[in-house]
1. Would you confirm whether or not region 1-13 contains a residue that is modelled with pLDDT of 70 or more, out of contact with any strand residue (DSSP E or B) (no Cβ under 9 Å at 6 or more places or on another chain) and either surrounded by 16 or more Cβ atoms within 10 Å (Cβ to Cβ) or on the phi < 0 side of the Ramachandran plot (or both)?
2. Can you run down the residue pairs with Cβ atoms below 7 Å, 6 or more apart or on separate chains, where the first is in region 167-184 and among the acidic types (Asp, Glu) and the partner is in a helix (DSSP H, G or I) and crowded, with 16+ Cβ neighbours inside 10 Å?
3. Condition first: open to solvent by less than 50 Å² (accessible area, probe 1.4 Å) and at positive phi. Now tell me which residues in region 432-462 satisfy that.
4. Go through 205, 212 for me and flag whichever is modelled with pLDDT under 85, over 30 Å from residue 253 (Cα atoms) and either over 22 Å from the mean Cα position of the chain (by Cα) or assigned to a helix (DSSP H, G or I) (or both).
5. Can you work out which of the residues in region 169-192 that are in a loop (DSSP other than H, G, I, E, B) and open to solvent by 60 Å² or more (accessible area, probe 1.4 Å) is nearest to residue 36 (Cα to Cα)?
6. If you go through region 74-84, how many residues are farther than 18 Å from residue 133 by Cα and either of a type outside the set (D, E, K, R) or surrounded by 13 or more Cβ atoms within 10 Å (Cβ to Cβ) (or both)?
7. Out of 279, 293, I need the residue that is under 21 Å from residue 379 (Cβ atoms) and surrounded by fewer than 19 Cβ atoms within 10 Å (Cβ to Cβ). Which one?
8. Can you confirm whether region 112-122 contains a residue that is within 22 Å of the chain's Cα centre (by Cα) and either assigned to a helix (DSSP H, G or I) or without any contact (Cβ under 8 Å) to a residue 40 or more places away in the chain (or both)?
Amino acid sequence: MAWAYVMEADIVVKGRGSASSVSAVMLLAFGILSFRVAAWVIYRSELAYITNDGYVIARIFQMLVVVLLMVSMRSRIPSKRVFIGGMVLATVATVVASAVVIFGSNGVLPPSWGMAACGLHGAASAFFFLGWGVCACIELPSRSALSISLAFVLYGLVTLFLSFVPLGFVEGVALLSPLLCCALIVIALKGRLEKIPCGRASLRRDLDTPSRMLLGVMLACCVICAVVDVMVPESSDPSLYSFNAFWPVLYAVIFGVFFVRFVLMKKKDPDALWPMFTFVLSVGLFGFSSFFFIDTFVAGQFMRASADCIIVFSWVVVACVVYRKKLQPIFYFGLSIIIYSNTAPFPKAAFDALFPQVDFGAGSLVAIALAFAMAVALVGCTVFLSAVRKPSALPKSSQPPKEECSSLEWMKESYGLTLREIEVVDLLTRGYTMPQTGERLFISHDTVRSHVKSIYKKLGVHSKGELIDIVAQGGVR
């Protein structure tokens, strides 16, 4: 019902391009969902209880492969053959690793095989992680925000459902979800690899002050989430961890806010909603402090669910910044994986190794005080930065002066537009109709129409609104 309304609203806003918009959102959402579920059934479900050591091994190998891919593809994008070959190889490795974990949990294989399978599974997941990150980075920010938040809503619901089904069904999901993930990512990037921006990345050159401020907020949230991971140990009973309704509820709230803003209010700036994520994290910290003595487990899981929303934050914000500034998506999204999305379980493992005698469960007052202090600090930081400057603000006017036409020259290199097509884009985005554009450029209406068709084809858009989105969000510098 909700998504039917999204389609209906999109038709009103974008006309003939609505079907393409909805299909793009759904494709990206289900792709991210299949990727996350493939990992959940191995590490979080009752299919096979993976110890923290196995989880750490998987994360280490995932990070190593992410770094390797970032370095090897920092200045170039793989060919279609190499890309598909890498995805197929990652799929085969994931299926094999899942099968080993399944048989190992049944006592057929020795435990050492399970640890090796975790490493293989983590290494293969790096391909899918970066692949879906690239898909999110080359999509319109409003679309990618809707897709990512919807994917997490579905993830919360699907994993909650899988907590109650027979293990045989979960085994099937573990083996089939990587195949679905591979198929969807090949479809999502079909014909779009050549449009991915290339070039060596430079944090000092590529990022402006608002972007650095926003990434700084993300880093602060990342540090808090790392502390949360240390403060709230996971339950030894996997069923208690799986049966948790906080995740889908919080994800649904975030998706609802995005839906209202981008579909109903027709806004185009997902990174302007970053205070909402810090608010969710602060509520989780305050809630933990308030309900710790009433029900320690519920309070801890609520705080974990709140902290987990920062993953959505990192996906949405990084994808938006990369899209608007035409950055190299493999490098920057890979960097976000290392810094933001992959904090757990390393802080917990390091803390346990350095301070094995410290138990936050026993020292409840310390945990409460720490959670309260982090919440107050995060609220103060958010209020201060919001008052100083809003990160990545959109241009206030969509009609730049005539002399700013040269600012569209980036489209010549990025999309292969001709000089005449750039002039047409400049006039259309400044509010001229096609007849007025023809009069201004001294060309016929049919010629303008022909140029517009060529522009739409090269940019992969279907309406004037989408064309304005690309120029307003990524091109006016």
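The values are calculated or read from the model by the stated rules, or taken from the named source; none is laboratory data. Keep in mind that what you see is a predicted model, and the values were worked out from it rather than measured. For neighbour counting, all protein chains shown are included, and Cβ atoms are generated from backbone atoms with ideal geometry for every residue, glycine included. Ligands, DNA and RNA are stripped out before the accessible areas are found, and what is left, the full protein with its side chains, is counted by its heavy atoms. Shrake-Rupley method; radii C 1.70, N 1.55, O 1.52, S 1.80 Å.
1. Within region 1-13, not a single residue is modelled with pLDDT of 70 or more, out of contact with any strand residue (DSSP E or B) (no Cβ under 9 Å at 6 or more places or on another chain) and either surrounded by 16 or more Cβ atoms within 10 Å (Cβ to Cβ) or on the phi < 0 side of the Ramachandran plot (or both).
2. From residues that are among the acidic types (Asp, Glu), the pairs are 171/102.
3. 460
4. Details: 212 fails: over 30 Å from residue 253 (Cα atoms).
205 is the lone residue from the list that is modelled with pLDDT under 85, over 30 Å from residue 253 (Cα atoms) and either over 22 Å from the mean Cα position of the chain (by Cα) or assigned to a helix (DSSP H, G or I) (or both).
5. Filtering region 169-192 for residues that are in a loop (DSSP other than H, G, I, E, B) and open to solvent by 60 Å² or more (accessible area, probe 1.4 Å), the one nearest to residue 36 (Cα to Cα) comes out as 190.
6. Number satisfying all stated conditions: 0.
7. Unique residue meeting the criteria: 279.
8. yes
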